[in-house]
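The values are calculated or read from the model by the stated rules, or taken from the named source; none is laboratory data. Being a predicted model, the structure only gives us computed values, none of them experimental. We place every Cβ from the backbone using ideal geometry, glycine too, and count neighbours over all the protein chains shown.
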Amino acid sequence: MSFAVHPSSAHSPHVALSVPRRWTTRGAPAPGVALLARAPAAAASGFTPELVLHTGPVDGAATLAEWREEAMATLTTQLEGFELEDADLVDVGAAPAAYRRFSHRLGDVDVLCDQWAWLVEELGIVLTGTVARTDYADYCDLFEDVAATVEVRPHAA
């Protein structure tokens, strides 16, 4: 299923991606959240995997690396048991992306998150796939496949 993010202004890039069939989606469920997609059923662990797409302005002076470093620092204070497990710059989807895999706890569940972030025309785009650690092997390729569908079209001049 394809999903397009409607820009907040005529000067914002357009963002589109494809989510797995049968996943339920909610567009703009909260400020800064462009899409929430959840698997149709809980995984073997009992935790329901999800994909979240955030978009928002980024200070024009920040580089992709600086922006993501600041975001990871913030997450260490917000998420219980946060641990960064992998970080890389990858070519996937729209443009070069900052990839991060991190873990944290949601209640009594140890979750893993695959996260890709793009910075296009001062718009930050962050796609995060979250799954219970015990189910990660069943979903990591799916999360990467979704990230590969991210398209960003610059705003019309």
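The criterion of being at pLDDT 95 or above, outside any strand (DSSP E or B), β-branched (Val, Ile, Thr) and surrounded by 21 or more Cβ atoms within 10 Å (Cβ to Cβ) holds for VAL146.
The residue of segment 100-116 that is farthest from ALA65 (Cα to Cα), among those that are in contact with a Leu (Cβ under 7 Å, 6 or more places away or on another chain) and of a type outside the set (S, T, N, Q), is HIS104. Given the condition over 17 Å from the mean Cα position of the chain (by Cα) and small (Gly, Ala, Ser), answer yes or no: does some residue in segment 50-58 qualify? Within segment 50-58, not a single residue is over 17 Å from the mean Cα position of the chain (by Cα) and small (Gly, Ala, Ser).
Being part of a loop (DSSP other than H, G, I, E, B), at negative phi, among the small types (Gly, Ala, Ser) and in contact (Cβ under 8 Å) with a residue 12 or more places away in the chain is the filter here; which residues of segment 30-81 pass it? Matches in segment 30-81: ALA39, ALA43, ALA44, SER45, GLY60, ALA62.
Residue-by-condition table, conditions (1) of a type in the set (Phe, Trp, Tyr); (2) at pLDDT 95 or above; (3) under 20 Å from VAL150 (Cβ atoms); (4) surrounded by 13 or more Cβ atoms within 10 Å (Cβ to Cβ):
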site	(1), (2), (3), (4)
ALA73	no, yes, no, no
GLN78	no, yes, no, no
GLY93	no, no, yes, yes
ALA98	no, yes, yes, yes
ASP114	no, yes, yes, yes
VAL120	no, no, yes, yes
GLY129	no, yes, yes, yes
ARG133	no, yes, no, yes
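Checking each residue in segment 16-29 for being assigned to a strand (DSSP E or B) and surrounded by fewer than 17 Cβ atoms within 10 Å (Cβ to Cβ) picks out ALA16, SER18, THR24, THR25, ARG26, GLY27, ALA28, PRO29. Among residues that are in contact with a Cys (Cβ under 6 Å, 6 or more places away or on another chain), under 13 Å from VAL131 (Cβ atoms), buried (at least 17 other Cβ atoms within 10 Å of the Cβ) and aromatic (Phe, Trp, Tyr), PHE102 is included. Would you mention how many residues in segment 82-131 are assigned to a strand (DSSP E or B) and under 13 Å from the mean Cα position of the chain (by Cα)? Counting residues in segment 82-131 that are assigned to a strand (DSSP E or B) and under 13 Å from the mean Cα position of the chain (by Cα) gives 23.
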